[in-house]
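Some notes on the structure that comes next.
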Amino acid sequence: MSKSSQGEIVKVSGPLVIAKGMRDADMFDVVEVSEKKLIGEIIEIHGDEASIQVYEETAGLGPGECVVSRGTPLSVELGPGLIGGIFDGIQRPLETLVEMEGNHIMRGAFAPALDRDKEWEFQAVKKEGDRVTAGDIIGVVQETEIMEHRVMIPPGKSGVIREIRSGTFKITDVVAVLEDERGESQDITLIQRWPVRIGRPYREKISPSAPLITGQRPIDTFFPVAKGGTAGVPGPFGSGKTVIQHQLAKWAEADVVVYIGCGERGNEMTDVLMEFPALYDPTTGYSLMKRTILIANTSDMPVAAREASIYTGITIAEYFRDMGYSVSLMADSTSRWAEALREMSGRLEEMPGEEGYPAYLGSRLASFYERAGIVHCLCSEDEERVGVLTAIGAVSPPGGDLSDPVAQSTLRIVQVFWSLDSNLAYRRHFPAINWLTSYSLYQTKIDSWLDDNIAPDFSKLRIDAMTLLQEESELEEIVRLIGQDALSDGDRLKLESARSLREDFLHQNSFDEIDTYTSMHKQYMMLSLVMLFYYEAQKALANAADFDEIMKLPIRHDIARFKYVPEQEVNRWYELRKETLLAEMGELTN
């Protein structure tokens, strides 16, 4: 821990404040600026002058005002009370601040992130005399109806438990006392702090191999993200980035969701704040907020706070990962986070990189995404625990230009690329994920998982379907030149079957009660029925069936309606339609 230091302001330039007399301060120390105690962070030191990134509005500050270092890096409070919380970019609890200040929160307003007065029921799982090490779970707190908060030994601490008791405690109360190797006592409370710019430690990182099931057909079947993987969602305004992020937050197979609204428009963040408490998780029957943490940092808040928000969010996510949970983190959007980097870089008069972004943009993005993964958590060797953190970031390049530095830097880092297409969005095809430009580098491993766990021919169907979509793109070029009538019946069948894939499988209505989520089993059934029609139609054409008669078959309407069939009726519905399809095709060739 660094020593406290006091200096005075010599220059104010937007969110950048330069103070002298800060010789005793360290890089990334948190400081209080002026009598208003505005929160800032030291980002550069030259001699006794410190450049400070201020996370609140700096209007009215001037030279001569005081700056005091707290002597600690920017950190988050970790403990019971996080789930269901709504925080700003530096983990101030917004609901508490509204109660204190009203709707217009004054500069310098402060409240601890976690409620100091609330009492929690702590149930010890270790006993006196047990030897514990960093990461070991010593007790649990039932934080919400569906979330068990596991109280762990903080990193860097270990020893023998000399005292531990179950009961009702505030988060600052001592629940256990350790005696370390030197015979010194260490108090363990329900709260711990961790600096946001340093990843929490773990024993070992594991290669991802199983899919993160999201219930979104274009993602799960064609461009899956692995549990513990990374994904980027670039797209222009209006292409559905935020809706996809909301869908993933609602439906992704995760125990905990951390949603970071990083510089989003206020109305979009309001939608999240209003919608999530009203939405019910079908697997638990409780509100989604019972397993969600929101970091709300809208575009009208001070720009510098965006820079801290994604680090605040991912540190909280790592904390729940260390408990052995599967955590999904949504960052919406990293482009506006990068704008904060560009703003501060310009104020610091650094040599700009492409389009004014700092030259270290790529490394900063990489340091964020590399904190995702599947890990063997820090704990005793006899207490094996695996945690998962999946990171998904939206990118908002101007006009959807994928040559934008933020989009390009993201593409070089993430393993999954969901390319949102304004043309698809204009045609009201949502999710507007372009199947020709998107990709997943986890595909091979996840194909094996799907073949082993869902159906042995899942990957074959997916490959055939993707081939069909690619051939459709090539045939459309020919159609534009010479018209559809010049195509053979086989090529016309490819166009019609690809259209069925697009409209009946890839198109998914996020606002329909049934279509909003599709299980992997139903996805397989739907894809199987679409492709079965294509395979059987090919055979029928080979046996001299009339193309127009094939296209008029009633089964095509049933295939289109499959997406609206409830999950519990899928098997019966599929078997009946499969029989009908084979019968109708058989009649054409008899």
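The values are calculated or read from the model by the stated rules, or taken from the named source; none is laboratory data. Quick caveat: nothing in here was measured; it's all calculated off a predicted structure. Cβ coordinates were reconstructed from backbone atoms using ideal geometry, including for glycine residues, and neighbour counts include every protein chain displayed. Heads up: the accessible areas ignore ligands, DNA and RNA and are worked out on the full protein's heavy atoms, side chains in. Shrake-Rupley method; radii C 1.70, N 1.55, O 1.52, S 1.80 Å.
Taking the criterion of being under 36 Å from the mean Cα position of the chain (by Cα) and open to solvent by 30 Å² or more (accessible area, probe 1.4 Å), would at least one residue in segment 518-528 satisfy it?
Scanning segment 518-528 turns up at least one residue that is under 36 Å from the mean Cα position of the chain (by Cα) and open to solvent by 30 Å² or more (accessible area, probe 1.4 Å).
Give the number of residues within segment 26-47 that are of a type in the set (Val, Ile, Thr) and open to solvent by 50 Å² or more (accessible area, probe 1.4 Å).
Residues meeting the conditions: 1.
Report yes if some residue within segment 293-303 is surrounded by 19 or more Cβ atoms within 10 Å (Cβ to Cβ), under 20 Å from residue 150 (Cβ atoms), in contact (Cβ under 8 Å) with a residue 24 or more places away in the chain and out of contact with any Lys or Arg (no Cβ under 6 Å at 6 or more places or on another chain); otherwise report no.
yes
Scan segment 180-195 for residues that are over 25 Å from the mean Cα position of the chain (by Cα), within 14 Å of residue 79 (Cβ to Cβ) and open to solvent by less than 30 Å² (accessible area, probe 1.4 Å) and jot them down.
Answer for segment 180-195, where residues must be over 25 Å from the mean Cα position of the chain (by Cα), within 14 Å of residue 79 (Cβ to Cβ) and open to solvent by less than 30 Å² (accessible area, probe 1.4 Å): 188, 190.
Mind checking which helices (runs of 4 or more DSSP H) fall wholly inside segment 431-529 and carry at least 1 residues that are touching a residue at least 24 places away in the same chain (Cβ under 8 Å) and under 30 Å from residue 412 (Cβ atoms)?
Those helices (runs of 4 or more DSSP H) span 443-453, 458-482.
Which residues, taken from segment 136-165, are open to solvent by 60 Å² or more (accessible area, probe 1.4 Å), under 36 Å from the mean Cα position of the chain (by Cα) and either on the phi < 0 side of the Ramachandran plot or modelled with pLDDT of 95 or more (or both)?
Residues satisfying the conditions are 142, 145, 148, 157.
Specify which of the listed residues (249, 340) is more than 28 Å from residue 508 (Cα to Cα) and not charged (D, E, K, R).
Matching residue, one of 249, 340: 340.
Inspect all residues belonging to segment 392-403 and state whether any of them is open to solvent by less than 10 Å² (accessible area, probe 1.4 Å) and not in a strand (DSSP E or B).
Yes, because at least one residue in segment 392-403 is open to solvent by less than 10 Å² (accessible area, probe 1.4 Å) and not in a strand (DSSP E or B).
Identify the single condition in (1) part of a loop (DSSP other than H, G, I, E, B); (2) open to solvent by less than 20 Å² (accessible area, probe 1.4 Å) that residue 324 does not satisfy, given that it satisfies every other one.
Unmet condition: (2).
Could you identify the single residue in 226, 231, 176 that is at pLDDT 95 or above, in contact with a Phe, Trp or Tyr (Cβ under 6 Å, 6 or more places away or on another chain), small (Gly, Ala, Ser) and surrounded by 14 or more Cβ atoms within 10 Å (Cβ to Cβ)?
226
Would you mind stating whether residue 355 is over 17 Å from the mean Cα position of the chain (by Cα), in a helix (DSSP H, G or I) and either buried (at least 21 other Cβ atoms within 10 Å of the Cβ) or not hydroxyl-bearing (Ser, Thr, Tyr) (or both)?
Yes: the conditions hold for residue 355.
Given the structure, is residue 125 among the β-branched types (Val, Ile, Thr), within 30 Å of residue 380 (Cβ to Cβ), surrounded by fewer than 19 Cβ atoms within 10 Å (Cβ to Cβ) and free of Cβ contacts under 8 Å to residues at least 40 places away in the same chain? Spell out how you get there, then give the answer.
Details: among the β-branched types (Val, Ile, Thr): yes; within 30 Å of residue 380 (Cβ to Cβ): yes; surrounded by fewer than 19 Cβ atoms within 10 Å (Cβ to Cβ): yes; free of Cβ contacts under 8 Å to residues at least 40 places away in the same chain: yes.
Against the criterion (among the β-branched types (Val, Ile, Thr), within 30 Å of residue 380 (Cβ to Cβ), surrounded by fewer than 19 Cβ atoms within 10 Å (Cβ to Cβ) and free of Cβ contacts under 8 Å to residues at least 40 places away in the same chain), residue 125 qualifies.
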